[in-house]
Amino acid sequence: MTSVTTTCRDLSELTAAAQIACRLLFQECYKAGIVDIFITETYRSQARQNYLHEQGRTRLFDDAGNKLYKVTWTLLSNHTSRRAWDIAVAPPRDLYDKSTLSKVGAIAKRLGITWGGYWPAGQYDAPHFEIPTSWKMPKGYKLEGQVIVPSNSKLKVQLFVEDKPKEKDDDVMEFTNPTTENAVRDYIQQAVYKNLIDKSWLEKFDNGTMTSGDFEGLKIIIQQRM
């Protein structure tokens, strides 16, 4: 059983609609140049929600004697319904940089995603995003490729759009679009950083010896290990 002190950052723990909504939000943030944001929590059990609600109320100090402050205003969070997620901002900006979160909130509003930063005093929750049960992809939007949604501050948001590479006679990948080439390299590099694959794959890409078949197989390996 997962401890109430354990934070879940796994996007797959959300409902299918919430996963799509979250990826769409990060995609649109990427397109707006907002790439230094990351997931801090997705699904939350009711037991963990209760535990967090006690903080600053009935649980006033941590084990080291430090004073604790309230972190949630409700016992009825959509984190427990798997329809909510929290984000933060990577250094050097503040973890909950108001300017950045406000920009993300404005994008969320266009997508029909609720931002806690629009809630009234006493409920204001700038890192929080959620969807209603009726949420659907807004007209005019789509997931344009594979969206990399970071779960820590060391990774950046990425959008990998498939661009069929030209193939040499030996099937070695050759890109016609530098942006796509950089996105593919970042995708492989992040997988190496997360220990999903060996760094030799990145070396293979940099050496120009990776084939289209290599990359298709590599994507399957990465997806299976995430």
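Quick note: the coordinates plus some simple rules give every number you see, no bench work behind them. Keep in mind the model is a prediction, meaning the values are calculated, not measured. Don't worry about glycine lacking a Cβ; one is built from the backbone with ideal geometry, like all the others, and counts go over all protein chains shown.
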Taking R0 as 25 Å, what's the FRET efficiency between Y51 and W119 from their Cβ-Cβ distance, rounded to 0.05? 0.70
How big is the gap, in Å, between the Cα center of the range 34-49 and the Cα center of the range 56-115? 8 Å
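Calculate the FRET efficiency for A106 and T74 from the Cβ-Cβ distance with a Förster distance of 30 Å, rounded to the nearest 0.05.
Numbers: r = 24 Å, r/R0 = 0.79.
The pair A106/T74 has a calculated efficiency of 0.80.
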Total charge dipole magnitude, the range 11-130, about the Cα centre, Cβ charges on Lys, Arg, Asp, Glu only, Debye to nearest 20: 280 debye
Taking Cα pairs under 8 Å and at least six residues apart, what relative contact order does the chain come out at, in percent? 19 percent
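Between R93 and T209, what is 0.36 nm times their sequence separation minus the Cα-Cα distance? Round to one decimal in nm.
Details: separation 116, 0.36 × 116 = 41.76 nm, distance 3.86 nm.
Working it through step by step, the gained length comes to 37.9 nm.
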Which value at 222 nm does the chain reach when only helices count, each DSSP H run of 4 or more adding -39,500 (n - 2.57), with the total divided by all residues and rounded to the nearest 500 deg cm²/dmol? -10500 deg cm²/dmol
Environment charge at V149 (Cβ cut-off 11 Å; Lys +1, Arg +1, Asp -1, Glu -1): +2
What aspartates and glutamates sit close enough to K142 to cross-link, taking a C-alpha to C-alpha distance under 13 Å and skipping anything fewer than 8 places away on the same chain? E28
In the range 113-165, the GluC sites (Glu not before Pro) that fall in loop regions by DSSP, at most 13 other Cβ within 10 Å: E162
Rounded to whole Hz and in sequence order, give me ³J(HN,Hα) for the range 206-217 from the Karplus expression 6.51 cos²θ - 1.76 cosθ + 1.60, θ = phi - 60°, writing x for Gly and Pro. 5, 7, x, 10, 7, 8, 4, x, 4, 5, 4, x
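Using Cα-Cα distances under 8 Å and only pairs 6 or more residues apart, what relative contact order does the range 1-114 have, in percent?
On the way: 137 pairs, mean separation 35.7, N = 114.
So the answer I get is 31 percent.
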J(HN,Hα) series, the range 23-32, from Karplus relation 6.51 cos²θ - 1.76 cosθ + 1.60, nearest Hz, glycine and proline x: 5, 5, 4, 5, 4, 5, 5, 4, 5, 8
Could you tell me which of F215, T40, H128 has its Cα farthest along the dipole of the chain towards the positive end, charges placed at Cβ (Lys, Arg +1; Asp, Glu -1), taken about the Cα centre? H128
Can you tell me the relative contact order of the range 1-49? Whole percent, Cα pairs under 8 Å, sequence separation 6 or more. 64 percent
Quick one: which residues, 5 or more positions from L159 or on another chain, have an amide H under 5 Å from its amide H? H modelled 1.01 Å from N in the peptide plane, none for Pro or chain starts. I148
Note the count of lysine pairs whose C-alpha atoms are less than 17 angstrom apart in the range 162-225, limited to pairs 8 or more residues apart or on different chains. 5
Fluctuation leader among Y69, Y43, Y187 - the chain, Gaussian network, Cα springs under 10 angstrom: Y69
Listed residue pairs exceeding 20 Å between alpha carbons, taken from K103/K156; K109/K156; K67/K98: K109/K156; K67/K98
Quick one: if you stick a label point 7 Å off each Cα along the C-beta vector at I221 and E13, how many nm between them? 2.8 nm
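To the nearest 20 debye, what is the magnitude of the charge dipole of the chain about its Cα centre, counting +1 on the Cβ of each Lys and Arg and -1 on the Cβ of each Asp and Glu?
Details: 30 positive and 28 negative charges, 227 e Å.
About 1080 debye.
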Other residues with Cβ under 15 Å from the Cβ of L60 give, with Lys and Arg +1 and Asp and Glu -1, a net charge of +1
